[in-house]
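Structure, as structure tokens:
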Amino acid sequence: MIPSLLGLAALLLHLAGLCAAMHAVMHVRTPQGAVGWALALVFLPYLALPPYLFLGSSRFVGYVPLQRLRSRQAGRADWPGRGGYLARHPPQPACARYAAIARMLGGRFHGGHRLRLLVDGEATFAALFEAIAGAGHHVLVQFFIFHDDALGRRMQQALLERAAAGVAVCVLYDGVGCHALPHRYVEALRAGGVRIHPFATRRWRNRFQLNFRNHRKIVVVDGRRGFVGGLNVGDEYLGLKPPLAPWRDTHLELRGPAVADLQRSFARDWRWVTGAEPPFLPPREGEGAASVLIAATGPADRQESCSLFFVHAIHAARERLWLATPYFVPDAAVMAALRLAVLRGVDVRVLIPARPDHRMVFLASALHAHEAVRAGVRVYRYRPGFMHQKVLLVDDDSAAVGSMNLDSRSFRLNFEIAALAVDRAFAAEVEAMLRADFARADAVDVSEYRGAPFARRLAMHLARLVEPVL
């Protein structure tokens, strides 16, 4: 009896593996990924089925139709006087070379922004807490990670104080990114009047998914001040947790019409999770001279919008392209764009960490760094601590700050956001910041790979095989 039951179970597992393999062939985005999953599911269903349940899906179903429906129901795509506001603050002419990005994302550049570059955790959280403390109408907060530590509890208290003062406070956090967050942290906020929810897929199968994480970092205060960048809420982002300390990261504060686009991005995620509308206020009259496009990308997009964002920005470079990313695992399109930029005579530099926080990603990144160096890209490893910033500088007039990494998760699986700014003064600030970072970095040369032991080089190539799920 027992052998027959075991045989039946084995048969059912193989049938399930075959069905999953057909699903992978039909739905996995890349041919390499489809082949890898299909072979594993057919020949090793005992091992491959569980991870496929967690990692196999590559598309986020239902998000876009729901947003269109609820946007029509809400009837609030614009704010009163928006047309006149935008006419008084047109985008700079140089924005035209990024028109394809705007069309792809269904967005537009807006002029009239004042920008403040926040070059570390101390500056970022000082600005965030000052803005939140002055909120009079609403505070929108979205982070991938909250920790129940000193900084996390300070953020909790700041939000509770505003809620107690009658300010509408809405918080989104990622359920996987905050897997270690105690339930009491969330309940204390909820009991204090903060509307707080985890980002979730709400599909029976996708409840098991580790993909489709909401990696965005957004704070909006009263519709007038917006923040976006690479920092989450935790003591390590202040550089208080060795061995990765000091932590190197960058955030950006915006004042101007793009803050409304940050609110709209938050609203789309909030509607998906809650079915309700968050509070909204229009931005103030033009605060400065910078032009900004808010680039919100994710797995619900029809195209691989994050990867294409980088490809187009790289192609736009004529003199300089500097990138800072903690995870340098570019896909074929981005690597090809970097190679072409070098051939055009562009000064292409990439800043990556010297210390790992994820060992497999670090190994894959090391192999890509070697290939980039061979192609003429100047790659540098930041020495003092872990480098987590996500910054792009193009020529002498354009820069982007946000949550986007150069890896498959950001390109295809995570919801991400960045602000692309066209303004010579702001680009000069970013240039000065990155020059200081490069001065604290060591250049990578081919000896890093060629001089490594065989076992380490083998590990690099093995890590590249699993890039799609890193």
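Every number here is computed from the coordinates shown, using simple stated rules; none is lab data. Only a predicted model underlies this, so the values are computations on that prediction, with no experimental measurement involved. A quick note on method: Cβ atoms are made from the backbone with ideal geometry, for glycine too, and the neighbour counts reach across all protein chains shown.
Tell me what the chain gives for mean residue ellipticity at 222 nm when only DSSP H runs of n ≥ 4 count, each as -39,500 (n - 2.57), the sum divided by the residue total, rounded to 500 deg cm²/dmol.
After summing the helix terms and dividing by the residues of the chain, the value is -13500 deg cm²/dmol.
Dipole of region 370-466 (Lys/Arg Cβ +1, Asp/Glu Cβ -1, origin at the Cα centre): which of 403, 414, 425 lies farthest to the positive side?
So the residue we want is 414.
For the chain, with the dipole built from +1 on Lys and Arg beta-carbon atoms and -1 on Asp and Glu ones, taken about the Cα centre, which of 332, 35, 166 lies farthest toward the positive end?
35
Per 0.36 nm of contour for each residue apart, how much would the distance between residue 440 and residue 25 grow if the chain were fully extended, relative to their Cα-Cα spacing? List each step's numbers first, then the result.
Details: separation 415, 0.36 × 415 = 149.40 nm, distance 4.57 nm.
Result for the pair: 144.8 nm of gain on full extension.
What whole number of Å gives the distance from the Cα centroid of region 101-137 to the Cα centroid of region 445-467?
If you average the Cα positions of each part, the centres end up 39 Å apart.
Once you have the Cα-Cα distance between residue 168 and residue 425, take 0.36 nm times their residue separation minus that, and quote the gain in nm to one decimal.
So the chain would gain 89.0 nm between residue 168 and residue 425.
Per-residue counts of other Cβ atoms within 10 Å, averaged by peptide: what ranking do you get for 262-273, 178-189, highest first?
On the way: 262-273: 21.9, 178-189: 14.6.
In descending order of packing, they fall as 262-273, 178-189.
Pairs of Cα atoms under 8 Å, at least six residues apart: use those to get the relative contact order of region 305-469, whole percent.
Working: 301 pairs, mean separation 46.1, N = 165.
For region 305-469, the relative contact order is 28 percent.
I'd like the FRET efficiency for residue 87 and residue 375, computed as 1/(1 + (r/R0)^6) with the beta carbon distance as r and R0 of 45 Å, rounded to 0.05. The partial results should precede the final answer.
Values: r = 45 Å, r/R0 = 0.99.
Plugging the Cβ-Cβ distance into 1/(1 + (r/R0)^6) gives 0.50.
So, with +1 on the Cβ of K and R and -1 on the Cβ of D and E, and no other charges, what is the size of the charge dipole of the chain about its Cα centre, to the nearest 20 debye?
The dipole magnitude comes to about 960 debye.
Restricting to Cα pairs below 8 Å that are 6+ residues apart, what does the relative contact order work out to for the chain? Please round to a whole percent.
Relative contact order, the chain: 17 percent.
Mind jotting down the distance between the C-alpha centroids of region 138-165 and region 245-285, whole Å?
Each part's Cα centre sits 15 Å from the other's.
Taking the Cα centre of region 312-466 as origin, sum charge times position over the Cβ atoms of Lys and Arg (+1) and Asp and Glu (-1), and report the length of that vector in debye to the nearest 20.
That gives region 312-466 a dipole magnitude of about 640 debye.
Can you give the FRET efficiency for residue 241 and residue 340, using 1/(1 + (r/R0)^6), R0 = 41 Å, r = Cβ-Cβ distance, to the nearest 0.05? Can you show the working numbers first?
Working: r = 40 Å, r/R0 = 0.97.
Result of the calculation: an efficiency of 0.55.
Starting from the coordinates of the alpha-carbon atoms of region 104-262, obtain the Kirkwood hydrodynamic radius over all distinct pairs and give the value in Å to one decimal.
16.4
If you take every DSSP beta bridge fully contained in the chain, what fraction is antiparallel? Give it as a percent rounded to 5. It would help to have the intermediate numbers written out before the result.
Values: 42 of 67 bridges.
About 65 percent, rounded to the nearest 5.
For the chain, what does the convex hull of the Cα positions come to per residue, in cubic angstrom?
Given the Cα convex hull of the chain, per-residue volume reads 158 Å³.
Quick one: Cα centre-to-centre distance for region 320-339 and region 364-413, in angstrom?
Spelled out, the Cα-based centre of one part sits 6 Å from the other.
How far is it, in nm, from the label point at residue 129 to the one at residue 15 when both lie 7 Å from their Cα along the line to the Cβ?
6.1
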